[in-house]
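This report refers to the structure that appears directly beneath it.
The values are calculated or read from the model by the stated rules, or taken from the named source; none is laboratory data. Since this is a predicted model, take the numbers as computed values, not measurements. All Cβ positions, glycine included, derive from the backbone under ideal geometry; neighbour counts span all protein chains shown.
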Amino acid sequence: MSLIRDNILIGVRSKSLLDLTQDQCICEMLNSDESIYALNYFSTNQTCQLLYSNITSTIIEFSLNSSLIYMNQSSISLTTKSTTALSTTTVTTSTSTSSSTTSLTSSTSSTTSSTSTTTTTTTAEPVWTLTGNLNSARYYHTSSVLLDGQVLVTGGYGGFGGILKTAELYDQSSGIWTLTSSMNYARYSHEATVLANGKVLITGGQSTGATAELYDTLSASWRLTNTTNILRRYSTASLLQNGIVLVNGGLNGSTVLDSTELYDPSSEIWTFTGSLNTARYYHTATVITNGMILVSGGSSGVSTAEIDSAELYNPSTQTWKFTGSLNVARYYHTASLLTNGKVLICGGTSNNSYLDSSELYDPSTGLWTLTDSLNTARYYHTASLLTNGKVLVSGGSDNNGVLNSAELYDPISETWTFTSNLTNKRYLHAASVLTNGNVLVNAGTDVSNEKTAELYSGG
């Protein structure tokens, strides 16, 4: 039987035992031949000791600060077990030994030792590396991470290649792009949404009519689905928590739209829902943690008159309502949902100037507050939420032309810092966060159209 009592471990051979004392300790003991193994976990200070007895000695391995432990063994040796840390840490352990005489509470000698161990590791420097080239240069395209981890790129504008209907798949394990089936219609400035069933819904865009189509990842084929009620480009598409897709706003010819539609993947039917309070395009739409859709900024006219208003869509009531206004009216900006539930928007353009300002939306208050400004004003950039909670902004353009710079926003310190530069300057590109945490940036345009792609890692 094994027992923890008054900081004393007494062990005899047993097949398996789990004891929980009243105040702090869990003990497990396993027997193998003449050896006794015990693992003690002290919940009060979250420490562990691994003990191994081969009759003549006992070894204690530790990984955190451990409290005093007394053993009724003739000799005890202490070894430190190496650990890996993200920052410098100090580990200190004290042990005391006691030789028992006629009772467990009396002793004839005691020894106390103390050991300090410091381990230091460094975080890998962030870096951009080129990966395989796309088969076609393109911009104003879409880039979607599929459920199997591949990335699907669709359509876009290919410069002298015209509007594209080709689609490509990126395999992150090989770094290779392969052509897949082409869409039924060439299109750019369209929207792509990965549905809960794994299919990809393509809606709208230039030169397509009101068509919509579905990509089946299993058959690697496209088929048309029901058309939207209104042709729109420069709109947004959001996957609601109930699996339905909300498309809102956009541009139809020279008309700015306030209409919004819902697509039901089960019936493949589009239905009108509540209209925006302000018609807009070049805006952003973010699914926030309470399931509502936050739409911010955009343009209200063909002359690209910028908007400072923001609205919330409630899927339960299918209605829109105004929320707090932006501090700076803008379009061509980006929006990112942070891990703390707030929404970060940055960059864009306003009054024919490029913006370096950034703002945070707090859903609990409905208010926008200015946060740290970008180091470089930019528009037509991309913003990606990294696995560490930071936001990576890459590329875009400013008064001096196309950018290759990239920046990181830290939500804890609320500051922007430069990170490694892109290998190639680009804007109107696309970015996707891969399942391994790396960011894939692909295509776009500079002096010429880009078919290159690169990976960001270590941020």
Go over the candidates Asn442, Asn351 one by one and state the one that is of a type in the set (S, T, N, Q) and crowded, with 17+ Cβ neighbours inside 10 Å.
Asn442
Selection from region 195-250 of residues that are outside any strand (DSSP E or B), on the phi < 0 side of the Ramachandran plot and aliphatic (A, V, I, L, M):
Leu195, Ala196, Ala210, Leu218, Ile230, Leu231, Leu240, Ile244
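Do the conditions hold for Leu386, that is, is it under 30 Å from Val447 (Cα atoms), of a type in the set (A, V, I, L, M) and surrounded by fewer than 22 Cβ atoms within 10 Å (Cβ to Cβ)? Even if it seems obvious, please write down each step before you answer.
Details: under 30 Å from Val447 (Cα atoms): yes; of a type in the set (A, V, I, L, M): yes; surrounded by fewer than 22 Cβ atoms within 10 Å (Cβ to Cβ): yes.
For Leu386, the condition - under 30 Å from Val447 (Cα atoms), of a type in the set (A, V, I, L, M) and surrounded by fewer than 22 Cβ atoms within 10 Å (Cβ to Cβ) - is met.
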The residue from Thr286, Thr273 that alone is of a type in the set (Val, Ile, Thr), at pLDDT 95 or above and within 22 Å of Tyr140 (Cα to Cα) is Thr286
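When residues of region 328-353 are filtered for being in a loop (DSSP other than H, G, I, E, B), among the polar types (S, T, N, Q) and at pLDDT 95 or above, how many remain? Steps first, please.
Within region 328-353, the subset in a loop (DSSP other than H, G, I, E, B) is 328-330, 332-333, 338-342, 347-348, 351-352.
Okay, now just the ones that are also among the polar types (S, T, N, Q), so 339-340, 351-352.
After this cut, where a residue has to be at pLDDT 95 or above as well, the list is 339-340.
Result for region 328-353: 2.
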Tell me, please, whether a residue that is crowded, with 20+ Cβ neighbours inside 10 Å, farther than 22 Å from Gly444 by Cβ, among the acidic types (Asp, Glu) and under 22 Å from the mean Cα position of the chain (by Cα) can be found in region 356-368.
yes
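Of all residues in region 354-383, which are among the β-branched types (Val, Ile, Thr) and part of a strand (DSSP E or B)? It would help to see each step written out before you state the result.
Going residue by residue through region 354-383, those that are among the β-branched types (Val, Ile, Thr) are 365, 369, 371, 376, 382.
The answer is Thr369, Thr371, Thr382.
Would you say Glu168 is over 30 Å from Trp128 (Cα atoms), charged (D, E, K, R) and part of a strand (DSSP E or B)?
Taking the combined requirement at face value, the residue does not satisfy it.
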Test Thr376 against the criterion of being surrounded by 17 or more Cβ atoms within 10 Å (Cβ to Cβ), in contact (Cβ under 8 Å) with a residue 24 or more places away in the chain and under 24 Å from the mean Cα position of the chain (by Cα), and give yes or no.
yes
By residue number, the members of region 241-261 that are within 16 Å of Ile202 (Cα to Cα) and surrounded by fewer than 19 Cβ atoms within 10 Å (Cβ to Cβ) are Gly243, Ile244
